[in-house]
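Shown next, in structure tokens, is the structure this report addresses.
Taken together, the values in this text are just the output of simple stated rules run on the coordinates, not laboratory data. As the structure is a computational prediction, the values presented were derived from the model and not from experiment. In this analysis, Cβ positions are derived from the backbone assuming ideal geometry, glycine residues included, and neighbour counts consider all displayed protein chains.
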Amino acid sequence: MARMKFLCDAERCIECNGCVTACKNENEVPWGVNRRRVVTINDGIVGAEKSISVACMHCSDAPCMAVCPVDCFYRTDEGVVLHDKDLCIGCGYCFYACPFGAPQFPQAGAFGLRGKMDKCTFCAGGPEKDLSKEEFAKYGSNRLAQGKLPACAEMCSTKALLGGDGDVIADIYRQRVLKRGKGSEVWGWGTAYGKPEQRPAPAGAKS
Amino acid sequence: MRPVLLVVAALVAGVGLSACGEREQVIVYKQGKYQGKPDTKPWENDSAANPYPGSKWNKGDQTSWEAAVRTRNLSQNEYTRAE
């Protein structure tokens, strides 16, 4: 299996915030913490408005893992980046390092104290016993342990947000782009039109 | 008298300084753990015992879990359902 990834199709996203709601509901995320959110550019400009759903992208070389002073992060065999809240000290370095603003911090006191970091788990829970009350309380739902995929992607009404094995969702996206004939610029030519392993090397190219 | 005092002083110093040692900061990689952290792998769960029925796979069989998730994954492609 390749790595678990999210892919959001900006041509299809209608900014319904269904993914945000699904995430909140599935994981019972507290008020003030947004594991997923929808970002819209050119809001209100007809023809130019684009929306995209953003959460933790479960980076292959995650900067949050690199900067964490207590090394609370780990990556599973499926490529999901998770963290141990028992080790987290809520310092916020991961928030500064993350290009997507994925790490979230619940307000822990009246003076704006940061609590332990919370972020998208790809609905994969955490280090606690799978499907236990403790795991749900700390990390939310563990859908991968139930053979399911993240709630946000599975309930997306327009199927703009795809989640799962990177190779499989890239294939779905590629087929979609070829059918409609546009939208590849969002994720690149390779993702949309060609499988890298099948692409012939250009003539005269140096290795 | 003096040797006894020296021995006591050495013992006190030894006990007192024992907390000043540095903790091991290198991750110890252990079988069945991710980067030193414990976590159950998804396919080690029993799909039959799942209170929220999802996909079916053989407990402990990574390949069957991946196949189940792949089937679920492909259902996100509405072209395969429409055509």
Next on the checklist: For a Förster distance of 41 Å, can you work out the FRET efficiency between the beta-carbons of B:Asn58 and B:Ala19, rounded to the nearest 0.05?
Outcome noted: 0.25
Next on the checklist: For a quick check: sort A:Phe111, A:Phe6 by the number of other beta carbons within 10 angstrom, fewest at the front.
Outcome noted: A:Phe111, A:Phe6
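All other residues with a Cβ under 13 Å from the Cβ of A:Arg3 taken together, and with Lys, Arg as +1 and Asp, Glu as -1, what is their net charge?
Value of the local net charge: -4.
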Next on the checklist: Can you tally the net charge around B:Asn45? Count Lys and Arg as +1, Asp and Glu as -1, for every other residue whose Cβ sits under 11 Å from the Cβ of B:Asn45.
Outcome noted: 0
Next on the checklist: Quick one: the Cα spread of chain B along its three principal axes, in angstroms, biggest first?
Outcome noted: 97, 26, 20
Checklist entry - So what's the net charge close to B:Lys33: Lys and Arg +1, Asp and Glu -1, counting the other residues with Cβ under 15 Å from its Cβ? => result -3
Item to check | Helix-only [θ]222 nm of chain A, DSSP H runs n ≥ 4, -39500 (n - 2.57) each, per residue, nearest 500 | outcome: -6500 deg cm²/dmol
Item to check | Gyration tensor verdict on the range A:49-117 (Cα atoms; rounded if a/c is under 1.5, prolate if a/b is larger than b/c, oblate otherwise) | outcome: oblate
Checklist entry - Which of the listed residues, A:Gly125, A:Cys94, A:Leu162, is farthest toward the dipole's positive end in the range A:76-191, when Lys, Arg count +1 and Asp, Glu count -1 at the beta-carbon? => result A:Leu162
Checklist outcome for this item: To the nearest 10 degrees, the tilt of helix B:2-17 (Cα long axis) against the first principal axis of the alpha carbons of chain B is 20 degrees
Item to check | Cβ-based charge dipole, chain B, positive-most Cα from B:Trp57, B:Thr80, B:Gly36 | outcome: B:Gly36
Checklist outcome for this item: For chain A (alpha-carbon point model, no solvent) the Debye-based log₁₀ I(q)/I(0) at q = 0.08 Å⁻¹ works out to -0.31
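Beyond a 30 Å Cα-Cα separation, which of these cross-linked pairs lie in this structure: A:Lys50/B:Lys56; A:Lys119/A:Lys182; A:Lys50/B:Lys33; A:Lys116/B:Lys30?
A:Lys50/B:Lys56; A:Lys119/A:Lys182; A:Lys50/B:Lys33
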Item to check | Percentage relative contact order, chain B, counting C-alpha pairs under 8 Å, at least six apart | outcome: 14 percent
Checklist entry - If one takes the longest principal axis of the Cα atoms in chain A, at what angle in degrees, from 0 to 90 and to the nearest 10, does the Cα axis of helix A:18-27 lie? => result 40 degrees
Checklist outcome for this item: To the nearest 20 debye, the range A:4-117 has a Cα-centred charge dipole, built from +1 on Lys and Arg Cβ and -1 on Asp and Glu Cβ, of 260 debye
Checklist entry - When the dipole is taken about the Cα centre of chain A, and only Lys, Arg (+1) and Asp, Glu (-1) are charged at their Cβ, what size is it in debye, to the nearest 20? => result 480 debye
Checklist entry - Pairing the Cα long axis of helix A:166-180 with the longest principal axis of chain A, what angle in degrees results, from 0 to 90 and rounded to the nearest 10? => result 50 degrees
Checklist entry - Taking R0 as 25 Å, what's the FRET efficiency between A:Thr158 and A:Asp43 from their Cβ-Cβ distance, rounded to 0.05? => result 0.85
